[in-house]
Amino acid sequence: MKRPFYVTTPIYYISGNPHIGHAYTTAVADVLARAARTEGEAFFLTGTDEHGQKVANAAAAAGKSPQDWCDALVPRWQELFAAFHISYDDFIRTTQPRHERVVQRVFERLRESGDIYLGTYEGWYCIEDETFWLEAKLVDGKCPTCGRTVTWLSENDWFFRLSAYRDRLLEYYRSNPNWLRPKSVYNEMLSLLEEGLDDFSISRTNFDWGIEIPGGGGVIYVWFDALLNYISALDYGTPGAPFERFWPASVQLIGKEIARFHTIVWPAVLWALGEKAPELVFAHGWITVDGRKMGKSMGNATDPFALAERFGADTLRYFLLREAPFGSDFSYSEEKIIARNNDDLGNDLGNLVRRSLAMLTKYCDGVVPSAGEPFIGAALEQIPNRVADAIFDLRFREALEAIWQVVTALNRSIDERKPWELWKRRDDPAAKASLDALMYELCEGLRWLASLLAPFMPEKAAEIARQLGLAEGDHERELRSLRWGALAAGTRSAPGAVLFARIEVAEPSSA
Ligand code: MSP
């Protein structure tokens, strides 16, 4: 039996409002989950990372308790995901008791096994940056990033014995070169491992917004707490829990800046628990603005709600997945989004749907005729497999390019076979048969497109299916299994609104 598919996103810091970068990773996970559901059981997890100094500071600045702050912001994130048609199965919050319970249980277990021990953390500490520095890194005895005076700190901390897992990590990397993608991140992490690993402090005593260490002595470091969300959501540790079916994760999606936690610390924690590492971690690139990572602290973040309003969520999803090979950085600009909307989506796809259904109305009273000889379909046979393979291999741009071969083939057959001329000769039975065969294939092509596009553009795909006259939800059930010729003759279409309205480039204001 096929293993269920489990896909995760990072859990997002809830220190402020979401931006398009957060929608990006989550939309990618959504494409995978929707595609996986056509083949079997899937589970898609996202959520919010609510502990730690950063969130506590944001709450304090707003004059709220951290819990009130988080409770007020979580709906904003859930609204974002709804606006982007995200079909998550579970949304985890690290302040939920179901998560805290697992984190404390794991902490206790690893303390018993000796993987967590009490040690002394000593070093030069920059309070401003909340960072320890090696003596060698100091500049004139001061913090190398902010130039402030550093203080010698010595505190008793709980450590995770990461260094003990270095050999196993090296071995794992070498024998599973595809477990971490893309290659650039794999190479970077491998060289970190080769340099050596220190144990990892996992307790904090200088603030209290976190999960309490069992038995007291501070709170658990936010990263140790956060990583465990991927298994606490599966009720790890309870006999018969979903964990037993869904773990190891099929794909864990992250941005490349958090690769070290996910591909060095995380597998080691899992191994310490006697569990498997995830099957694949994919550390994708950044959306950049003028060459810099888009982010809240960079001050260049765009409001994803305003973008969805202006361009439509599906156009944005298409842009994000089509613009660059998955893994690479890519720059965001409104001109590029508009070009994708007007060209690929409006001219190629939208027009195809509009003119096919208009001809069906005129030539066949809006009803799908019987199939004839398959001219178009024969050349497209391999497309569903190619699209599915590309999606599950996280080559989304290639998947979309393959889907566009269907769009192009259909448009070309209209231009070449000129149905309006066949219509003029409709009294000739051969011309009428040829017209019907073409109209059938155009409709069948639209059915395929509704299915192939459903993971990427759920709303527009459903609209294509609706206008074509398919039963609700049918188009979401197929991807790899699509066969040419399954559309039922007699299907009654219901042409409707234009799929992708043209967007005009905003005129620079003269004021
Ligand atoms: N809370 C941690 C993750 C813990 S996971 C156990 C965190 N949160 S975050 O809010 O900073 O979100 C980081 C993630 O958001 C990135 O890893 C990436 O998935 C996404 N992105 C944030 N900004 C982005 C871009 N500019 N471009 C692409 N993805 C972006 O780190």
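The values are calculated or read from the model by the stated rules, or taken from the named source; none is laboratory data. It should be emphasised that the depicted structure is a prediction, and the values quoted were computed from it without experimental measurement. Every residue, glycine as well, gets a Cβ built from its backbone with ideal geometry; the counts of neighbours run over all protein chains shown. Note: accessible area is taken over every heavy atom of the protein model, side chains too, but ligands, DNA and RNA are not part of it. Shrake-Rupley method; radii C 1.70, N 1.55, O 1.52, S 1.80 Å.
Rolling a 1.4 Å probe over the heavy atoms of the protein chains gives the stretch 334-481 an accessible area of 42 Å² per residue. Positive-end ranking of Ser184, Val251, Ala60 along the dipole of the chain, with charges on Cβ about the Cα centre, is headed by Val251. Of the residues Ala268, Gly114, Ile211, the one whose Cα sits farthest towards the positive end of the charge dipole of the chain is Ala268 (charges of +1 on Lys and Arg Cβ, -1 on Asp and Glu Cβ, taken about the Cα centre). Please state the shape class of the stretch 293-414: rounded when a/c is under 1.5, otherwise prolate if a/b exceeds b/c and oblate if not, all from the C-alpha gyration tensor. Oblate, since a/c reaches 1.5 and b/c is not below a/b.
Annotation: aspartates and glutamates with alpha-carbon distance below 12 angstrom to Lys418 (same-chain offsets under eight excluded): none found. In this Cβ point-charge picture (+1 for Lys and Arg, -1 for Asp and Glu), the stretch 134-176 has a dipole of about 160 debye about its Cα centre. For the chain, the residue among Ala324, Pro429, Ile383 whose Cα projects farthest onto the positive side of the dipole built from Cβ charges is Pro429. If one computes the Cα centroid of the stretch 1-77 and of the stretch 135-175, what distance in Å separates the two points? Centre-to-centre (Cα) distance: 28 Å. Based on the Kirkwood radius over alpha-carbon pairs, what is the Stokes-Einstein translational diffusion coefficient of the chain at 4 °C with 1.567 mPa s viscosity, in µm²/s? This corresponds to a translational diffusion coefficient of 51 µm²/s. For the chain, the dipole from Cβ point charges (+1 on Lys and Arg, -1 on Asp and Glu) about the Cα centre works out to 1160 debye, to the nearest 20. Computed over protein heavy atoms with a 1.4 Å probe, the carbon and sulfur contribution to the accessible area of the chain reaches 49%.
Any chance you could give the angle, 0 to 90 degrees and rounded to 10, that helix 66-83 forms with the longest Cα principal axis of the chain? That helix lies at roughly 20 degrees to the long axis. Counting only lysines at least 8 places from Lys424 when in the same chain, those with an alpha carbon closer than 19 Å to its own are Lys362, Lys432.
Couplings 3J(HN,Hα) for the stretch 490-496, derived from phi with the Karplus relation 6.51 cos²θ - 1.76 cosθ + 1.60 (θ = phi - 60°), are x, 4, 9, 7, 9, x, x Hz, where x marks Gly and Pro. Taking a sphere under 14 Å around the Cβ of Phe319 and counting the other residues whose Cβ falls inside, with K and R at +1 and D and E at -1, yields a net charge of +1. Taking 27 Å as the cut-off for C-alpha to C-alpha distance, list the pairs among Lys276/Lys460; Lys54/Lys256; Lys54/Lys142; Lys54/Lys293 that go past it. Long pairs (Cα-Cα over 27 Å): Lys276/Lys460.
Which angle from 0 to 90°, rounded to the nearest 10, does the C-alpha axis of helix 20-37 make with the longest principal axis of the chain? It works out to around 60 degrees. Couplings 3J(HN,Hα) of the stretch 474-485, computed from phi: 4, 5, 7, 8, 10, 8, 5, 7, 4, 10, 6, x Hz, in residue order, whole Hz [Karplus 6.51 cos²θ - 1.76 cosθ + 1.60, θ = phi - 60°; x for Gly and Pro]. Rounded to the nearest 20 debye, the dipole size of the stretch 334-481 about its Cα centre is 320 debye, using +1 on the Cβ of Lys and Arg and -1 on the Cβ of Asp and Glu. In the chain, the longest principal axis of the Cα atoms and the axis of helix 383-392 are about 10 degrees apart.
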